[in-house]
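A short write-up of the structure that comes next.
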Amino acid sequence: MQLSEVRSDNIYPSNNDVGRDHDPINNFAPNIASNVNVEEAWRSDFNGIFRANTLLEQIAANGDNVGSVPLATRLIAEAKFLRAFFYFDLVRYYGKVPIIDHTVSASEAVTIARSTVADVYALIIDDLKFAVANLPANYSGTFPSYSATDVGRATKYAAEATLALVYMTRSGPTYSIEGAGMGLNEWNLALPLLQDIITNGPFVFNSNQYAFTTPGGVPATGIFSYSNQNPAYTTGNREAIFDVMYITQTGSGLGATYPWSLVPQDYFNAYGNPSTSGSLGAPSVSDDLVNSYSASDTRKTPFIHTTRYGGITEPFYRKYLDTTKVPSTNSRFDWGINFIAIRYTDILMLKAECILHGAPGSQADVDAIVNQVRARAGLTPITNVTLAQLFDERRREFAGEGSRWFDLQRSGNLITKMNAFIAVEDAAIKKMNQVAAKDIIYPVPQSQLDAAPGLYN
């Protein structure tokens, strides 16, 4: 949310948001190495990598205690999937990062320099290929140890989706920096992975994504419904391929926090839930995004709150906010909804992107995918969809899901699009800096620079 969504043209914080942690992310401030969001993403991803490495080493040393060879292999595949998932996050945000594929001590950690982007990708791809080959397609009881408690673990299809996006990201332009794009032409590698998910996976294009009840309930079968969760196998949310899963209303702090992070506190005050707490300086959705939705687009109202409510005059994301499901603990850290990290509509639209880049398929295939999404949004069909149109459709479909900055990177038009956006959106306040290639990735966090002076030069 903070490093991708807020960085993009989907968000334009109003003048009263100046000084919040997200503000220098959004306005392309020059010195953000110590920003809490830049620090947290690095720390959280490497913590996940450390845990994956620990598990892999423990299984290697004590595999006989796992219970069976198939179970040990599956756990290794899960750990490698997650390690790749975290490293893919890192390479898209920071470019070059240290490769740590085993447990290390604190003293060893400060001697490991950043590796090239190509080397980081090599680890990611190897891990994901192992995961694709060794993870089950589902957890519906086909293995003796599978049960309902296994639902939500990574599957073959989650690994395929991630690997496909890795190939597509590598195929994006370099912008003459050591970032996630490498200028490769790997669209043909991505497409078969996406097609396997479409052809053989249990996933379904949900026709009931957007409708919701006023002032804040979502339909029981909707993609973002609180009562229609967990990745699909035979039941559950059959749009979800991989979720970040949360536990809710236990008072344990294991619920989701993201539903409120882009919602202003004044909304909860006006709605009668002041103790739930929203964000004191929620960054507002840009006029550019709001105005990109046509009047007949059924996504606009449930995705973005645009009407005056209490003291709120600026639009904000309400995509994940169901005010009939306010946590009983009245805690903003306890929302009961998973975060869909990979969903089926994205797989379809990524397939269309590959075809437009020359992978097997036709213009008719591309048009059919885009028009399926448009029809769900109540829009008329279009023909001869271009890459530019596809990215515009993706922007409206995945608003608030944290993909826009990465889409802009892949498009090759990030700098041009962002500076054109700034010229109009920021014309009055003029608080945003012009975007240059160096702004596409984030700096190494200051805490890391301080821990090992000179290591990351």
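The values are calculated or read from the model by the stated rules, or taken from the named source; none is laboratory data. Remember, it's a predicted structure, so these values are computed and weren't measured experimentally. Please note: Cβ atoms are built from the backbone with ideal geometry, for glycine as well, and neighbour counts cover all protein chains shown. SASA here: full protein model, heavy atoms, side chains in, ligands and nucleic acids out. Shrake-Rupley method; radii C 1.70, N 1.55, O 1.52, S 1.80 Å.
Key figures for this structure:
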quantity	calculated
Packing-based order for 384-394, 191-201, 343-353, using average beta carbon neighbours within 10 Å, highest first	343-353, 191-201, 384-394
Gyration tensor verdict on the chain (Cα atoms; rounded if a/c is under 1.5, prolate if a/b is larger than b/c, oblate otherwise)	rounded
Exceeding the 19 Å Cα-Cα cut-off - candidates K300/K431; K417/K438; K129/K156; K96/K156; K80/K156	K300/K431; K96/K156
Cβ-placed point charges (K, R +1; D, E -1), dipole of the chain about Cα centre in debye, nearest 20	520
Two-site label geometry, S296 and T199: point separation in nm, points 7 Å out along Cα→Cβ	3.6
L455 paired with N208, simple spin-label distance in nm, labels 7 Å along Cα-to-beta-carbon	5.2
Mean accessible surface per residue for segment 27-86, computed with a 1.4 Å probe while every protein chain stays in place, in Å²	48
Which of V244, V97, V132 is most accessible, then next, and so on - probe 1.4 Å	V244, V132, V97
Accessible area per residue, Å², segment 311-421 with all protein chains present, probe 1.4 Å	33
Heavy-atom SASA rank of E57, E186, E178 (probe 1.4 Å, accessible area, largest first)	E178, E57, E186
Dipole of segment 339-388 [Lys/Arg +1, Asp/Glu -1 at C-beta], most positive-end residue of L356, A368, T345	T345
For segment 1-91: rounded, prolate or oblate by the Cα gyration tensor [a/c cutoff 1.5]	prolate
Accessible surface ranking that places the most exposed of S447, S107, S115 first, with a 1.4 angstrom probe	S107, S447, S115
Segment N185-Q389, length gained on full extension (0.36 nm per residue, minus Cα span)	71.3 nm
Estimated FRET transfer efficiency (A368, D287; beta-carbon r; R0 35 Å; 0.05)	0.65
Inter-probe distance in nm under a simple model that places probes 7 Å from Cα toward Cβ, at D426 and V104	3.5
Förster radius 25 Å - calculated FRET efficiency between N433 and S176 (Cβ-Cβ, nearest 0.05)	0.85
Farthest toward positive dipole pole in the chain [+1 Lys/Arg, -1 Asp/Glu at C-beta], among N31, S44, F406	F406
Heavy-atom accessible surface of the chain: percent carbon and sulfur, 1.4 Å	52
Whole-angstrom gap from segment 81-142 to segment 413-456, using each part's C-alpha centre	25
Positive-end residue of P453, L184, Y226, charge dipole of the chain with Cβ unit charges	Y226
Size of electric dipole in segment 323-457: Cβ of Lys, Arg +1 and of Asp, Glu -1, about Cα centre, debye, nearest 20	220
Modelled FRET efficiency - R0 30 Å, A29 with V244, Cβ distances, 0.05 increments	0.60
